[in-house]
Structures are given as C-alpha cells and as structure tokens.
Amino acid sequence: MEELPDDALLRVLRFVDVPSLLTCRLVCKRLRDLALHADAWRHREFGGGLVEYVGSYCCMCPVLRLAPCLRVLRDPTCVPRPANTCRSAALAWTSCAAAELRLYVKDDTDAGTAAVAILRQEALGRLRRVELVLAHGPLLQVSDTMACVLLATVASTRGLDTIKFPSFSLDDSSVQIAASLSLGGATPTPSVKHFECGYLNETFLKFILTAHSATLETVRLNLGVSGMSCTYIAPLLAGLPNLRELSCWNLPGLEAVAACASLRDLTLTISSLRRHRRGAAAARTAAFLSRAVQLRELTLRYGPINLTASVSGARVGADAIRALASTGRSRLETLFLIAFDSEGEQSHAAQVQALIDALPSLPALRELRTYLNVKQENDALVLSITPTTAPALQRVQLGLADDLCVHAWFHGDAFKTVMARNPLLHFNLYGKTIYCFKKTCPSCARGCHSVLAEWGRIYYVFCHDSDEKCPTNHKTRTHFFIHWVHND
C-alpha cells in the first residue's frame, strides 16, 4: 500500500462504506488524511436510512462533524427521534458542504431546523438543490408563520438550480399557505432551472417564476383544484423563454403558454369536476392543445383522484385528443393517457374512439401509453394500429383490467392481428393478473411463457426475430420487474 499514490488510494476509498471510511482514520496518519479528503466524499449520499444508530434514534453527528462534503444530505426520517437529539445543532453548525439537501418537515421545530440548515449550506458554498417534503394531512403541524419563514429562506437562497416542494395529497388539493410572505429586498441572480411546488402561496410562486424566469426549464405545479382559480400563474409561465417541461392543471389562461417555442414535454391534469368540465376550463384545454404543435411528449390525466368528487374525465379527454390532432401539424412522439374515474365500462369509450380517429393525424407518434378497463376497448385500439395510421409507432404500453389475464390477451386474435400488421412493434403489458393459472383459460393451460408466472407485473412483448433490423436490445432488462418475452 505504501507504494500506491494518493490518487489510487482515493479511488479505492470511494467504494468503502461510511463506517469503514471513518474507521480508516485510526489506521495511520496517511489514511487519516485520505479518509477525510473531499474526493472520498463528494459523490456520497448520506442520511435517511443511511445513518448510524445511537440508542433508539439515528445520529448524523459523526459524518456532519468529520466529512468535508457530500453529494446529497438527507434528513433521517427513518425512525422517530426524541426532541432532545443533536440533529438541529449538527445541521446548523456542520462544516460538511452538501450539493443537495433533502429535508422532511412535519412541525414548526422541523421547519426552523430546515431553514437554519439551508442557510448553513448556502454559506458553505456548494448547495445547488433543495427538496423539502412536508408531512401529509394531520401529520403536518406547521404554522403558516413558520411555513413562510421556510419559503422565504428557500426563495432568498442564492445559487440554487433546483427547488422541490413535492405534494403527495391524494385528493389533489394543494396545501394553501395563506400568511403573507416577506422576502424583503431579496433579488437573487437567476439560477433555478427546475422548480416543483405543491403548496399554494401567491408571493412565493410569483417570486420564483419571476426572479428565475430567465433560467427556468422545468416547472411542475401540483396545485390541485385550488389552483384552478389562480389567474396569475399562466401569464408567468408564458413568459419563461427556456421552458422545456411543464406539469400543471388546466389553469386559467393556459392557452397563452402554447406560445412557448421551447416547450417539449407537458403533463396536463384536466379537472373533471362538473364546474370545470364545461365552459372556459374545457375550452382553454382544447385551445392550448390545438396551438402547441411543438410538443414532443404529452401526458393527459384527469382529476381529482378522489373518485367521490369526480365525474368522467375521459369525456373531457376525448375533446382534448381531438384538439391535439386538429391541426394536422403535430410533432408529438409520446402520448400517455391516464384517467381516474368511477363511471364503469362506458367511461373510456369516447376517449378510445377519439384516439382511434386521431392516430392518422399524429404521424410522428413513436410511443403510446394508456390504461383501459375494458377488453373490448383494448381490442378496438390495437386493431386501429397499422403502418398507415401510425407509421412511426414503435412501442405501445397497455394497462389491462385487473380481471383480465394478460397471458390470454396476447394469445388473442386482436394482438395476433396487430403484430402481423406491425411486425416490429413492441408491447409493454401491465396488469394485476399476468398468468391466471385457471384450467378454464386455454392459454395458461398450455403452460407456455412460464416466465410470466415467475417475475413481476410488466412485460415487453415482441414477435419479430431478434436479429431483424430493430434498434431495441431485447436482451436488456431495463428494470427488475421488466422482462422481454418473445411471442411466437
């Protein structure tokens, strides 16, 4: 080891786990110095479940006291922590400079600790990304005052390129922070490229979308139904010259955002509440999609997810799909359709027919993803796919009904027909029942494709010879639950 240069030892130490790396300090003076070298730490993610346990809670102190830097510093939320832990002081006084902070906030104490941690990391000079996860529902005990302190701290932090306040509200209603947000004279140099927010505070949203308008590229706003009345957001989005990816509800004035020439990826949640399904909300969705011919990827989903408050979103989606194809100039390459509704088998019929009619007007479409509840709708959709109606289509992802045997479906006439017409097409099939094992199922009774019974719930199915001119590597498993299956 004495003959190895420091650079070689550092490359080895990069693969040593944190407890062992800290122990190396006790071996000799040379390893002591190398174990605390920035190159041994700058790639590491620490926190959450990756911490040392002290008594009944997890302690971050050893790393925060000794490590010079980290790629990601996460809050240890894996176990309950007593109120008198050293966490707050360790985050406030650490000399460990992190490039990314991920903090969990459930009460005013957490909010104060998070604000202090952000200020400390800003002072250390490496902080570029901040993600704050707020507890959901009754677990969230943060006062409006402390929430605004936290928002103001984030808004005034200089040098950030990513700000995330993700919302996990199941009813798609954002947390509204009504207290006035005081930002003083904060005027940071534009730097934020990626902004995600699920919490409604007008001052904060306006500040971020205005102060960083020159640099913002990705904006995700999960503001729920409460955001449907916000008239100030869409004009600010329309003024972002580099906006590339947008996720939002069909906000008032959204049609103006279609003028963003750089916009390529849109996830649009369409309100299916009765008061939004007709009139201006539906009209602006259609107007936006008919103008946004520059889109390459589009995800349409319908909310609220709370089914008791929802009427059919798929009927709204049919109008949206028709608008998308109305110009004949669409360059869309990926289309993903998701519907949350409870109207049974008829709820998707209009959307499926609209999609079938629209396919010839989407000549660049390469990937189609949709979840349909009825076998007849799946059959009708796939039978409409031909080299004429969808010349560029390479992959179709279908989410099949829970009571439908996926194995039986791809042995059926509809699947065989579409693959005979489009031999290079790939299907990604997802369902609850992959292999039903029922004696009454002719396909499963054969015992073929036994791999379906052994692994996961997602399969890529293809029928052509693997040596044909196909750009897809069929031997590659892109995910633990995804496997290629050849159907002959």
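The values are calculated or read from the model by the stated rules, or taken from the named source; none is laboratory data. Predicted, not measured: the structure shown is a model, and the values here were computed from it. Cβ: placed from backbone, ideal geometry, glycine included. Neighbour counts: every protein chain shown.
Could you look through the stretch 101-125, keep only residues that are crowded, with 18+ Cβ neighbours inside 10 Å and among the basic types (Lys, Arg), and pick out the one that is nearest to VAL142 (Cα to Cα)?
Top of the filtered list is ARG102.
Looking at the stretch 218-250, which of its residues are out of contact with any Ser or Thr (no Cβ under 9 Å at 6 or more places or on another chain), closer than 22 Å to ASP144 by Cβ and assigned to a helix (DSSP H, G or I)? Talk me through it step by step, then tell me what you get.
Taking the stretch 218-250 as the starting set, the residues that turn out to be out of contact with any Ser or Thr (no Cβ under 9 Å at 6 or more places or on another chain) are 229-235, 237-238.
Imposing the further condition that a residue be closer than 22 Å to ASP144 by Cβ reduces the set to 229-230, 232-233.
Within the stretch 218-250, SER229, ILE233 meet the criteria.
Consider the stretch 354-394. How many of its residues are surrounded by fewer than 17 Cβ atoms within 10 Å (Cβ to Cβ) and either polar (S, T, N, Q) or modelled with pLDDT under 90 (or both)?
Number satisfying all stated conditions: 3.
Before we move on, is ASP319 at pLDDT below 75 and closer than 17 Å to TRP249 by Cα? Let's see the steps before the verdict.
Working: at pLDDT below 75: no; closer than 17 Å to TRP249 by Cα: yes.
Criteria not met by ASP319.
For the stretch 279-311, give me the residue count where each residue is among the charged types (D, E, K, R) and modelled with pLDDT of 90 or more. Break it down into steps so the answer makes sense when it comes.
Just the residues of the stretch 279-311 that are among the charged types (D, E, K, R), to begin with: 284, 291, 296-297, 301.
Checking which are modelled with pLDDT of 90 or more leaves us with 291, 296-297.
Residues meeting the conditions: 3.
Please enumerate the residues belonging to the stretch 281-300 that are out of contact with any helix residue (DSSP H, G or I) (no Cβ under 6 Å at 6 or more places or on another chain) and not aliphatic (A, V, I, L, M).
GLN294, ARG296, GLU297, THR299
Inspect all residues belonging to the stretch 426-447 and state whether any of them is surrounded by 15 or more Cβ atoms within 10 Å (Cβ to Cβ), touching a Ser or Thr at 6+ places or on another chain (Cβ under 9 Å), over 18 Å from CYS463 (Cα atoms) and modelled with pLDDT under 80. Working first, answer last.
Within the stretch 426-447, the first condition is being surrounded by 15 or more Cβ atoms within 10 Å (Cβ to Cβ), and the residues that meet it are 426-431, 433-436, 441, 443-444.
Still in the running and touching a Ser or Thr at 6+ places or on another chain (Cβ under 9 Å): 426, 435-436.
Imposing the further condition that a residue be over 18 Å from CYS463 (Cα atoms) reduces the set to 435-436.
Narrowing the set further to residues that are modelled with pLDDT under 80 leaves 435-436.
Looking through the stretch 426-447, at least one residue is surrounded by 15 or more Cβ atoms within 10 Å (Cβ to Cβ), touching a Ser or Thr at 6+ places or on another chain (Cβ under 9 Å), over 18 Å from CYS463 (Cα atoms) and modelled with pLDDT under 80.
Write out, first by first residue and then by second, each pair whose Cβ atoms fall under 6 Å of each other, whose residues are 6+ apart or on separate chains, and whose first residue, in the stretch 111-126, is in a helix (DSSP H, G or I) while the second is modelled with pLDDT of 95 or more and surrounded by fewer than 22 Cβ atoms within 10 Å (Cβ to Cβ).
Final answer for the pair search is LEU124/ALA97.
It is to be established whether one or more residues within the stretch 20-39 are of a type in the set (Ser, Thr, Tyr), surrounded by 19 or more Cβ atoms within 10 Å (Cβ to Cβ) and either under 30 Å from THR153 (Cα atoms) or at pLDDT 85 or above (or both).
We begin by selecting, within the stretch 20-39, every residue of a type in the set (Ser, Thr, Tyr); these are 20, 23.
Remaining after also requiring surrounded by 19 or more Cβ atoms within 10 Å (Cβ to Cβ): none.
No, there is no match, as no residue in the stretch 20-39 is of a type in the set (Ser, Thr, Tyr), surrounded by 19 or more Cβ atoms within 10 Å (Cβ to Cβ) and either under 30 Å from THR153 (Cα atoms) or at pLDDT 85 or above (or both).
Is the stretch 5-12 home to any residue that is modelled with pLDDT of 90 or more, of a type in the set (A, V, I, L, M, F, W, C), surrounded by 13 or more Cβ atoms within 10 Å (Cβ to Cβ) and assigned to a loop (DSSP other than H, G, I, E, B)?
The answer is no; no qualifying residue exists.
May I ask you to list pairs of residues, at least six apart or on different chains, whose Cβ atoms are under 9 Å apart, with the first in the stretch 204-217 being at negative phi and in a loop (DSSP other than H, G, I, E, B) and the second being at pLDDT 95 or above and among the acidic types (Asp, Glu)?
THR215/ASP161; GLU217/GLU245
Please verify whether the stretch 67-90 includes one or more residues that are at pLDDT 90 or above, hydrophobic (A, V, I, L, M, F, W, C) and either outside the structural domain of VAL130 (by the TED database) or assigned to a helix (DSSP H, G or I) (or both). Can you show your working first?
To start, the set of residues in the stretch 67-90 that are at pLDDT 90 or above comprises 67-73.
From what's left, hydrophobic (A, V, I, L, M, F, W, C): 67, 69-70, 72-73.
So of that shortlist, the ones also either outside the structural domain of VAL130 (by the TED database) or assigned to a helix (DSSP H, G or I) (or both) come out as none.
Scanning the stretch 67-90 turns up no residue that is at pLDDT 90 or above, hydrophobic (A, V, I, L, M, F, W, C) and either outside the structural domain of VAL130 (by the TED database) or assigned to a helix (DSSP H, G or I) (or both).
Filtering the stretch 189-229 down to residues that are of a type in the set (S, T, N, Q), closer than 19 Å to ASP265 by Cβ and in contact with a strand residue (DSSP E or B) (Cβ under 8 Å, 6 or more places away or on another chain), which residue is modelled with the highest pLDDT?
Taking the stretch 189-229 and keeping what is of a type in the set (S, T, N, Q), we get 189, 191, 201, 203, 210, 213, 215, 218, 222, 226, 229.
Within this subset, residues satisfying the condition of being closer than 19 Å to ASP265 by Cβ are 213, 215, 218, 222.
Going one step further and asking which of them are in contact with a strand residue (DSSP E or B) (Cβ under 8 Å, 6 or more places away or on another chain), we end up with 218, 222.
Numbers: THR218: 98, ASN222: 85.
In this case the residue turns out to be THR218.
Check every one of the helices (runs of 4 or more DSSP H) wholly within the stretch 348-433 and list those with 1 or more residues that are among the acidic types (Asp, Glu) and closer than 30 Å to ARG446 by Cα. Steps first, please.
Values: elements: 349-358, 375-383, 406-409, 413-421.
Fully inside the stretch 348-433 and qualifying: 375-383, 413-421.
Would you call ALA350 small (Gly, Ala, Ser), closer than 23 Å to ASN250 by Cα, out of contact with any strand residue (DSSP E or B) (no Cβ under 9 Å at 6 or more places or on another chain) and at pLDDT 80 or above? Step through it out loud before you land on a result.
Working: small (Gly, Ala, Ser): yes; closer than 23 Å to ASN250 by Cα: yes; out of contact with any strand residue (DSSP E or B) (no Cβ under 9 Å at 6 or more places or on another chain): yes; at pLDDT 80 or above: no.
Answer is no for this residue.
If LEU205 satisfies all but one of (1) closer than 23 Å to LEU324 by Cβ; (2) crowded, with 20+ Cβ neighbours inside 10 Å, what's the number of the condition it fails?
The number of the failed condition is (1).
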